[in-house]
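Q: A single structure is presented below for examination.
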Amino acid sequence: MSDKISIIHKSLKIRLYPTEDQKILLNKTFGSYRFVYNRHKEEKDSFYNENIKDKNLSKEEIREIYKTFKPKTQKEFCDEFEWLREIPAITVTNAIKNCEQAYSNFFKSLSGKRKGKRVGFPKFKSRKENNQSFSVYMISKNCLDWEHRLVTIPKLKQVKFRHAEDKSDKWIGWFKEAVAKNMTISRNACEEYWCSILFEKEQNIYSTIKLDKAIGLDFSPNSLYINDLNEVAPNFRKAKQENKKKLTKLQRNLMKKQKDSKNREKARIKLARFENHIVNIRRDYREKETLRLTQTYDVIGIEDLNLQGMIKFSHNAKNYVDCSWYTFVTRLEQKAKFNNCLVIKSDRFYPSSKTCNHCGYVNKELTLKDRVWVCPNCGTKIIRDQNAAQNLKENAIKILVDDLKSTLLLEQQEVMSMEDMEVNLCNSMIYGISYEVEKRSSSVLAEE
């Protein structure tokens, strides 16, 4: 099979340990970014109030008026406010660009051109926000000194960082060979500084898929998921509910402190660190479990769920949120691209729980209370969650086989007899899963 090269992007997030002088400059940069963003938004709002508000204008007239709006450039901002020259120039440009993008997203969301959840009207940025960040582009290709653990940031020069030990040099080796494209520096509620760097690398995109190494995962609010063997996610913990008692105590302690006092700030940081600890427990489990699944199986069948809608009508909403199912699925799809795996989503309205896995009968009278039911058609005793996982697994294989049949122009029997299939992970295809199968002649298939 001929080689095909694809451009792969990965990000690396590292903890920064700046000196006191570097902290001052970082905080100045966060404040300057916020200042430019708010100033640009203020100018845009005043232009709207003077020229468009309370006037009966058509959409075309509004567009023509907006074309006359000329925002300040990075140079004009720096000429007016000399102290902006202390920070990286790209930060000022990004603040203006991001403000314009926020307005664009709002208007597209308002007209229905933008998919997803509706975006609200852009708000002013506050210095009291817990998370502050700014981005830097056109960075040095060798901005990371792995030996001395130093990262080069414009204006700050070299800053110390920390990353996990990797004696085998498996995951760090990928980043050492890749090219750094841009970075985002952030500060969280715990007063910790982080740097996220985007890397780019060309690599072969072929992988081998085996149909017999497939699994179905049915969402479970109590145990994250149940697979087609009726097994739950191993060692899953409800992190927030386990720490609910201490979390409540810290929240009450914060509310008792006097507003704007030093003790309140101490209590806030203590609470933020504990909440960050809960987030890290979730993230650690999610990363390890998604890696295990993608390395163990070649095809993973899941369903496309509307969890926001499910939470509204559930008495078990805390468990739904504690699972972080959307993030779990997102990481599963991302890691599948690097581990010879396909994650295939079944349609949101596919009746995985109501369909009998043995005879295909659809039980329309099934309710959420029915955890075990007997099929009226074949009399089989069915465990609801296991049955749903089995259906998701078989539906994922069916989707894959159907696409192979149309791509390779083969019969069902021929496709199912193929033990190994070389699959190219690329960008487009069914249900958000991207793959492309190279055509092979029937004589080659016969030999195999």
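Q: For the stretch 315-328, how many residues meet the condition of being farther than 11 Å from P221 by Cα and either in contact (Cβ under 8 Å) with a residue 24 or more places away in the chain or charged (D, E, K, R) (or both)?
A: 2
Q: Oh, and also: Give the residues of the stretch 339-381 that are closer than 30 Å to Y285 by Cβ, hydrophobic (A, V, I, L, M, F, W, C) and either open to solvent by less than 70 Å² (accessible area, probe 1.4 Å) or not in a loop (DSSP other than H, G, I, E, B) (or both), sorted by residue number.
A: C341, L342, V343, I344, V372
Q: For A89, only one of the following conditions fails: (1) under 30 Å from H148 (Cα atoms); (2) loosely packed, with under 12 Cβ neighbours inside 10 Å. What is its number?
A: It fails just one condition, (2).
Q: What number of residues in the stretch 280-306 are of a type in the set (A, V, I, L, M, F, W, C) and free of Cβ contacts under 8 Å to residues at least 40 places away in the same chain?
A: Pass one, the stretch 280-306, residues of a type in the set (A, V, I, L, M, F, W, C): 281, 291, 293, 299-300, 302, 305.
Those still in the list that are free of Cβ contacts under 8 Å to residues at least 40 places away in the same chain too: none.
The number of residues fulfilling the criteria is 0.
Q: Look at the stretch 224-258 and say how many of its residues are closer than 22 Å to N316 by Cα, in contact (Cβ under 8 Å) with a residue 60 or more places away in the chain and among the aliphatic types (A, V, I, L, M).
A: Final tally of qualifying residues: 3.
Q: Scan the stretch 221-254 for residues that are among the hydrophobic types (A, V, I, L, M, F, W, C) and either at pLDDT 95 or above or surrounded by 13 or more Cβ atoms within 10 Å (Cβ to Cβ) (or both) and jot them down. Don't jump to the end; show me each part of the working.
A: In the first step, residues of the stretch 221-254 are kept if they are among the hydrophobic types (A, V, I, L, M, F, W, C); the result is 224, 226, 229, 232-233, 236, 239, 247, 250, 254.
Matches in the stretch 221-254: L224, I226, V232, A233, F236, A239, L247, L250, L254.
Q: Output the strands (runs of 3 or more DSSP E) that fall wholly within the stretch 137-187 and possess 1 or more residues being farther than 14 Å from E200 by Cα, open to solvent by 80 Å² or more (accessible area, probe 1.4 Å) and modelled with pLDDT of 90 or more, or say none. Full working, then the answer.
A: Numbers: elements: 150-153, 157-162, 179-187.
It comes to 157-162.
Q: Would you confirm, using the coordinates I've provided, whether L404 is at pLDDT below 90 and not in a loop (DSSP other than H, G, I, E, B)?
A: Working: at pLDDT below 90: yes; not in a loop (DSSP other than H, G, I, E, B): yes.
Judged against the criteria, L404 is a match.
Q: Also, I was wondering about something else. On the basis of being of a type outside the set (A, V, I, L, M, F, W, C), farther than 30 Å from K246 by Cβ and modelled with pLDDT under 85, does N306 make the cut? Before you say what the answer is, go through the steps one by one.
A: Values: of a type outside the set (A, V, I, L, M, F, W, C): yes; farther than 30 Å from K246 by Cβ: yes; modelled with pLDDT under 85: yes.
Criteria met by N306.
Q: For residues that are free of Cβ contacts under 8 Å to residues at least 12 places away in the same chain, over 27 Å from the mean Cα position of the chain (by Cα) and closer than 25 Å to G120 by Cβ, tally how many sit in the stretch 68-108.
A: Of the residues in that region, 0 qualify.
Q: Now for a separate question. What are the residue pairs meeting all of these: first residue in the stretch 374-394, first residue without any contact (Cβ under 8 Å) to a residue 24 or more places away in the chain and more than 11 Å from L229 (Cα to Cα), second residue part of a strand (DSSP E or B) and aliphatic (A, V, I, L, M), Cβ atoms under 8 Å, and 6 or more apart or on different chains?
A: Final answer for the pair search is V374/I382; C375/I382; K381/V372; K381/V374.
Q: For the stretch 117-175, give me each residue that is touching a residue at least 12 places away in the same chain (Cβ under 8 Å), in contact with a strand residue (DSSP E or B) (Cβ under 7 Å, 6 or more places away or on another chain) and of a type in the set (A, V, I, L, M).
A: Residues satisfying the conditions are V136, I139, L144, V151, I153, V159.
Q: Hey, could you check the stretch 207-220 for residues that are surrounded by 16 or more Cβ atoms within 10 Å (Cβ to Cβ) and of a type outside the set (V, I, T) and say which is farthest from the chain's Cα centre (by Cα)? Steps first, please.
A: Let us first name the residues in the stretch 207-220 that are surrounded by 16 or more Cβ atoms within 10 Å (Cβ to Cβ), namely 207, 209, 211, 214-220.
Now restrict to residues that are of a type outside the set (V, I, T): 207, 211, 214, 216-220.
Working: S207: 23, L211: 27, A214: 24, G216: 22, L217: 19, D218: 20, F219: 18, S220: 20 Å.
Step by step, filter the stretch 207-220, then rank; the result is L211.
Q: Here is a follow-up. Say whether the condition of being under 20 Å from S186 (Cβ atoms), assigned to a helix (DSSP H, G or I) and either touching a Lys or Arg at 6+ places or on another chain (Cβ under 8 Å) or open to solvent by 50 Å² or more (accessible area, probe 1.4 Å) (or both) is met by at least one residue in the stretch 60-82. Write out each step before concluding.
A: Going residue by residue through the stretch 60-82, those that are under 20 Å from S186 (Cβ atoms) are none.
The answer is no, given that none of the residues of the stretch 60-82 is under 20 Å from S186 (Cβ atoms), assigned to a helix (DSSP H, G or I) and either touching a Lys or Arg at 6+ places or on another chain (Cβ under 8 Å) or open to solvent by 50 Å² or more (accessible area, probe 1.4 Å) (or both).
Q: Within the stretch 291-324, which residues are under 21 Å from Q390 (Cα atoms), buried (at least 20 other Cβ atoms within 10 Å of the Cβ) and within 18 Å of the chain's Cα centre (by Cα)?
A: Within the stretch 291-324, L293, T294, I302, E303 meet the criteria.
Results for (1) charged (D, E, K, R); (2) under 20 Å from C190 (Cβ atoms), shown as yes or no for each residue.
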{"site": "N222", "(1), (2)": "no, no"}
{"site": "N235", "(1), (2)": "no, no"}
{"site": "K245", "(1), (2)": "yes, no"}
{"site": "R264", "(1), (2)": "yes, yes"}
{"site": "K270", "(1), (2)": "yes, yes"}
{"site": "N276", "(1), (2)": "no, yes"}
{"site": "I281", "(1), (2)": "no, yes"}
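Q: If you check every pair at least six apart or on different chains, which have Cβ atoms under 7 Å apart with a residue in the stretch 210-223 that is touching a residue at least 24 places away in the same chain (Cβ under 8 Å) first and a residue that is surrounded by fewer than 19 Cβ atoms within 10 Å (Cβ to Cβ) and assigned to a loop (DSSP other than H, G, I, E, B) second?
A: Within 7 Å, the pairs are K210/E419; K210/D420; F219/L305; P221/N316.
Q: Free of Cβ contacts under 8 Å to residues at least 40 places away in the same chain and out of contact with any helix residue (DSSP H, G or I) (no Cβ under 8 Å at 6 or more places or on another chain): is that true of K23 in this structure? Step through it out loud before you land on a result.
A: On the way: free of Cβ contacts under 8 Å to residues at least 40 places away in the same chain: no; out of contact with any helix residue (DSSP H, G or I) (no Cβ under 8 Å at 6 or more places or on another chain): yes.
No; evaluated as a whole, the condition is false for this residue.
Q: Evaluate the following for K97: is it in a loop (DSSP other than H, G, I, E, B) and open to solvent by 30 Å² or more (accessible area, probe 1.4 Å)?
A: Working: in a loop (DSSP other than H, G, I, E, B): no; open to solvent by 30 Å² or more (accessible area, probe 1.4 Å): yes.
For K97, the condition - in a loop (DSSP other than H, G, I, E, B) and open to solvent by 30 Å² or more (accessible area, probe 1.4 Å) - is not met.
The values are calculated or read from the model by the stated rules, or taken from the named source; none is laboratory data. All of these numbers come straight from a predicted model, not from anything done at the bench. Here the Cβ is made from the backbone with ideal geometry for all residues, glycine too, and neighbour counts use every protein chain on show. Accessible surface is based on the protein model in full, side chains and every heavy atom, while ligands, DNA and RNA are left aside. Shrake-Rupley method; radii C 1.70, N 1.55, O 1.52, S 1.80 Å.
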